[in-house]
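What follows is a single structure, written as structure tokens, with notes after it.
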There are 4 protein chains.
Amino acid sequence: MLVVFHCMDVEDLKSGRQDYLSTGFQATNIGRAAELIGRMKEEKAAVFLSFTANMAASGLRGVFAEMCRRRFVDVVITTGGSLDHDIIRTKMDYGIGDFTMDDAALHKKGMNRLGNVLIKNGCYEFLEKAVRPVFERLYNDEVVTSPSSIAAALGSSVSDKGSFLYWCSKNRIPVFSPGITDSAIGLQTYFFKQRHPDFGIDVTKDMKSLADIALNADKTGAIVLGGGISKHHTIGVNLLRGGLDYAVYVTTSSPWDGSLSGARTNEAVSWGKIAEKARHVTVDCDATIALPLIMEKFLGD
Amino acid sequence: MLVVFHCMDVEDLKSGRQDYLSTGFQATNIGRAAELIGRMKEEKAAVFLSFTANMAASGLRGVFAEMCRRRFVDVVITTGGSLDHDIIRTKMDYGIGDFTMDDAALHKKGMNRLGNVLIKNGCYEFLEKAVRPVFERLYNDEVVTSPSSIAAALGSSVSDKGSFLYWCSKNRIPVFSPGITDSAIGLQTYFFKQRHPDFGIDVTKDMKSLADIALNADKTGAIVLGGGISKHHTIGVNLLRGGLDYAVYVTTSSPWDGSLSGARTNEAVSWGKIAEKARHVTVDCDATIALPLIMEKFLGD
Amino acid sequence: MLVVFHCMDVEDLKSGRQDYLSTGFQATNIGRAAELIGRMKEEKAAVFLSFTANMAASGLRGVFAEMCRRRFVDVVITTGGSLDHDIIRTKMDYGIGDFTMDDAALHKKGMNRLGNVLIKNGCYEFLEKAVRPVFERLYNDEVVTSPSSIAAALGSSVSDKGSFLYWCSKNRIPVFSPGITDSAIGLQTYFFKQRHPDFGIDVTKDMKSLADIALNADKTGAIVLGGGISKHHTIGVNLLRGGLDYAVYVTTSSPWDGSLSGARTNEAVSWGKIAEKARHVTVDCDATIALPLIMEKFLGD
Amino acid sequence: MLVVFHCMDVEDLKSGRQDYLSTGFQATNIGRAAELIGRMKEEKAAVFLSFTANMAASGLRGVFAEMCRRRFVDVVITTGGSLDHDIIRTKMDYGIGDFTMDDAALHKKGMNRLGNVLIKNGCYEFLEKAVRPVFERLYNDEVVTSPSSIAAALGSSVSDKGSFLYWCSKNRIPVFSPGITDSAIGLQTYFFKQRHPDFGIDVTKDMKSLADIALNADKTGAIVLGGGISKHHTIGVNLLRGGLDYAVYVTTSSPWDGSLSGARTNEAVSWGKIAEKARHVTVDCDATIALPLIMEKFLGD
């Protein structure tokens, strides 16, 4: 593990690309993450990408879309909220504000704050309209549907090339969302079900197809951004095959409270969710900063 | 908001109960949380309790059980992992280790690490056996079930008075788990479904009963421990009624990356998930320390 | 390290004292810290207490004072800001507000915010008047003084039994403050020196007396609250003796950026600042919550 | 504050420079920091740079050196540990390891761990030899010296162009280090003083020259990396002039415990350490990642 340590110098900065690998602390982990993702691709691992909804509300949406356009990833696992934002942003703009705005004043103006990102109420009205015909179609096709079917139907209903759902649909990359009802789209199912009481979302329907990807791959790798259900679902399914061969976590959460969101890659080794011999790294950084840096060499041409 | 500030003094320590409210920083927020929960109860608010799976693996499980035994809370929202741990611990002991143990060595010994809590593989073998007959019964009753039905059935299958599921079942406190398949129990549904292909879990089934609680209550309050899907589902459903009247968050996550897990109560005000006029506080602390302190005066007799 | 894990139960809560040790996560570390401090005292270790200025502005000031009154600690290492707050609060009250107040509005009102603690400008005017005669006396005694002499002189100038400086002075507990000029008191030296250009603070004067404590003790232990210069100075001097025998850190900082403030006790073992055979624990928690819990059994009668 | 929000797209990635400003969350704050530093320079503000010792042990040392070589900054405020690392690294290499190495094993090998950076004991033996003649010269010149004189003498004793002390010395950029004795160099003063009892470091000697910079500048700006004494000293001296006109903080610490290290720029506004009308931003990120990104456009040619 020990390497000689050259400090980042002017030449590194001039070359337009810092040599993060030999900079120490989290910069080194940025470098290791990039190296490890390179290895995943070289070895043709099935690549799992998981992220949280706030990231789909940020500029990372474009990076996700590009990763899916290039078939850089084979599976996406995310929350219902990511589907919300991805669909809304096919037509609507979000704003940038600040983390310390007056939230009661924002509420009065019909403005929802997500960190320093601002989302007008109108965005959710748009979503409602956009989603309803998709549900109608799904329902006509199959009364009880699944999260991955919803994601695929949403993706094929839009034409925005900045949408990851669009590219997943086009490139047949499955999008799993085991907690899909916890979202604005989920809330729509509540209203939809009032009109169609037999409508349902059976979350067990997706389990075999997800498991098969993990079981059938020669190697698997994961890029896990943030925590929560998407993170756990990604590593959990890899338990079935004896663990991931490569894992990159990007997180800002702390491990000291035993939370899954803050757990480092090491912890997953004890569970067999990452293999004992796997290569893995945890980058402690906001993904809006880390992901573009890590992906630069893969998407930058 | 400004109060005169007396320093904690020897008398406070001697009395066996620190006056956290006037201590400053997060100690003050512990005091405010206790005060606010007192208010929820006085005003007979419908109280939502949400927590993450790691907490059910900790000593907090006993606190949750006691809160449910006393009907201190009206709704529980949690992850599938919480159901896992609650059922396992009706019969099996967990160990305490350290955050920095050698995870490959632990894996070789069949020991899974969750922060500094250790769980033997045997625990999950026990779970498998415990859960199978419950699924059989549910399936015979209704081919496509719901998360809350699974939780209720699990609760009525055990007799451990340290189990929150036991008390929820006995006291008819609904337990919602919108992401239930992301868990060991969820993994069992994958195996169960291989034998019973028509078995399913329809997550839309729980939406009306959860919504009705929010819609029918005069006042609502929430005790939200940790983040993730349980946190969002708790505040999300309260959007339907114009927001929670009282909210206590306990979190160790940071808001600066726009994550829901790190979001303070303020942010939810902009969304209408907490009412503009609500009283609310965010305690930045590990719940294993914070919750016993906050609940001491309510459970301590 | 592995112990059987009983969950915290109702009886624990009823007894008025949670069994934090067996609760898991940071609650366990609270329990371990208390145990380890008990051990320090049993073995008559020289006990170092270090803390940051914000803590002296909080209710912890009373806990520090009590620890010094009882001679529970043998050395205090802290910043100049701690001296500021300790002296101001002998006569003036601080207020409690909130972390999200409007800072420009506060500034207009002459109110300084320290987290959720509020300090009027008048407090610093009081400090100026309180400190000047102390400087005059010190200067008449010795033209070039030292941080520990300033702390001792300040302590003997007040009579407030809630002041840790008062008790340190009375009980001849040395208070080291290697960065003393970085404070309001330090700013006063700037003005004082304009009138007395030969006045000075020689920070090397304190080094031998501090080193002697570490070198002459059979055993040493440290209670290190927060980070910064006080933390490092405490462990740094123990390098001279081959490391601390006992160490308790309480911190909210993260180790992932290589900062000293976030470094766990482990890291200090590599440096020989904590002995290889030492017992040590890092509690990840705000000290305003953690310290009263840890010290309860020692100060609670 | 509200701007239209375009998602980062493929073109941004292709151009080799992400448009962080419009990405949301901390990426936006990276963009704002760069913009604000540009403004500082345009308005010819006196620029204060403060950082912690760990950063001088990382690849950032080269960035600091370059900033000083170009006279991009006018004042440096840092800890004694930064002087240690800067001098050691004029001749010795550091290694990169991992955050989770076995610290007792490292200690046995004479290897000190600083996050994931590794430093051999030999480095400190080198430092001892390098520093002694500098102290002799300083002592012959003036029996009682000051931190800034030590820093200048150290800088002029080396010829490594990767050293920030070298460039500060050459370009007459003063380096202040109010807590200088808390370091390996400080420890050397303890040994030096045993041979020369009248040797001393008077920390009040630097106060006027530091204050004069703040008082005489038309505008001041600060780039504050990390926390501790260097951060506070930087903003504290700007109180004398009614506050900084521009401030960029980069921190990983949390504000919720009232610590100075975690305090956002807002808090300093209440104290008058940052002016009410100032422009300021807090970037929540490890400086090894953030600083190269922020400085890229200024140093990248």
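The values are calculated or read from the model by the stated rules, or taken from the named source; none is laboratory data. Fair warning: this is a prediction, and the values are worked out from it, not measured in the lab. All Cβ positions, even for glycine, are placed from backbone atoms using ideal geometry, and neighbour counts span all protein chains on display.
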remark   = Of the residues in the stretch B:178-210, those that are of a type in the set (Gly, Ala, Ser) and in contact with a Lys or Arg (Cβ under 9 Å, 6 or more places away or on another chain) number 1
query = Given the conditions (1) within 14 Å of chain D (Cβ to nearest Cβ); (2) surrounded by fewer than 22 Cβ atoms within 10 Å (Cβ to Cβ), which single one is not true for residue C:157?
reply = (1)
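Among the residues of the stretch C:215-230, which ones are of a type in the set (A, V, I, L, M), buried (at least 18 other Cβ atoms within 10 Å of the Cβ) and farther than 18 Å from residue D:80 by Cβ?
Residues of the stretch C:215-230 that are of a type in the set (A, V, I, L, M), as a first pass: C:215, C:217, C:222-225, C:229.
Then drop every residue that is not buried (at least 18 other Cβ atoms within 10 Å of the Cβ), which leaves C:217, C:222-225, C:229.
C:217, C:222, C:223, C:224, C:225 - these are the residues of the stretch C:215-230 that are of a type in the set (A, V, I, L, M), buried (at least 18 other Cβ atoms within 10 Å of the Cβ) and farther than 18 Å from residue D:80 by Cβ.
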key: Among residues of the stretch B:152-177, those that are assigned to a helix (DSSP H, G or I) and out of contact with any Pro (no Cβ under 8 Å at 6 or more places or on another chain), counted   = 10
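Is there a residue being within 12 Å of chain B (Cβ to nearest Cβ), among the basic types (Lys, Arg) and either part of a loop (DSSP other than H, G, I, E, B) or in contact with a Leu (Cβ under 9 Å, 6 or more places away or on another chain) (or both) anywhere in the stretch A:207-217?
No, the stretch A:207-217 contains no residue that is within 12 Å of chain B (Cβ to nearest Cβ), among the basic types (Lys, Arg) and either part of a loop (DSSP other than H, G, I, E, B) or in contact with a Leu (Cβ under 9 Å, 6 or more places away or on another chain) (or both).
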note = Looking across the stretch B:94-133 at residues that are over 21 Å from the mean Cα position of the chain (by Cα) and polar (S, T, N, Q), the single one that is surrounded by the fewest Cβ atoms within 10 Å (Cβ to Cβ) is B:121
ask   = Among the residues of the stretch D:24-42, how many are crowded, with 24+ Cβ neighbours inside 10 Å and free of Cβ contacts under 8 Å to residues at least 60 places away in the same chain?
value = 4
task = Within the stretch B:55-82, track down each residue that is facing chain C (nearest Cβ under 10 Å), over 12 Å from the mean Cα position of the chain (by Cα) and over 21 Å from residue B:123 (Cα atoms).
result = B:66, B:69, B:70
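Look through D:11, D:42 and report the one residue that is modelled with pLDDT of 95 or more and more than 13 Å from the chain's Cα centre (by Cα).
Numbers: D:11 fails: modelled with pLDDT of 95 or more.
From the options D:11, D:42, the qualifying one is D:42.
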request  = Read through the list (1) outside any strand (DSSP E or B); (2) within 20 Å of the chain's Cα centre (by Cα); (3) away from chain C (no Cβ under 12 Å), then give the number of the only condition that residue D:85 fails.
outcome  = (3)
Cβ-Cβ under 7 Å pairs, at least 6 apart or on other chains, the stretch B:234-251 side more than 21 Å from residue B:209 (Cβ to Cβ), far side among the hydroxyl-bearing types (Ser, Thr, Tyr) and in a loop (DSSP other than H, G, I, E, B) = B:251/B:261
request  = All but one of (1) among the charged types (D, E, K, R); (2) in contact with a helix residue (DSSP H, G or I) (Cβ under 7 Å, 6 or more places away or on another chain); (3) surrounded by fewer than 24 Cβ atoms within 10 Å (Cβ to Cβ); (4) within 30 Å of residue C:146 (Cα to Cα) hold for residue D:136, so report the exception by its number.
outcome  = (2)
request  = Scan the stretch C:91-130 for residues that are within 12 Å of chain D (Cβ to nearest Cβ), without any contact (Cβ under 8 Å) to a residue 60 or more places away in the chain and part of a loop (DSSP other than H, G, I, E, B) and report the count.
outcome  = 9
note = The condition of being more than 8 Å from every other protein chain (Cβ to nearest Cβ) and charged (D, E, K, R) holds, among B:182, B:198, B:202, only for B:198
query = Condition test on residue C:255, is it out of contact with any strand residue (DSSP E or B) (no Cβ under 8 Å at 6 or more places or on another chain) and either of a type outside the set (Gly, Ala, Ser) or in contact (Cβ under 8 Å) with a residue 40 or more places away in the chain (or both)?
reply = yes
ask   = Within the bounds of the stretch A:178-185, is there any residue that is out of contact with any Phe, Trp or Tyr (no Cβ under 7 Å at 6 or more places or on another chain), in a helix (DSSP H, G or I) and within 15 Å of residue A:86 (Cα to Cα)?
value = yes
query = Just to be sure, is residue C:29 part of a helix (DSSP H, G or I), within 20 Å of residue B:115 (Cα to Cα), at pLDDT 95 or above and among the polar types (S, T, N, Q)?
reply = yes
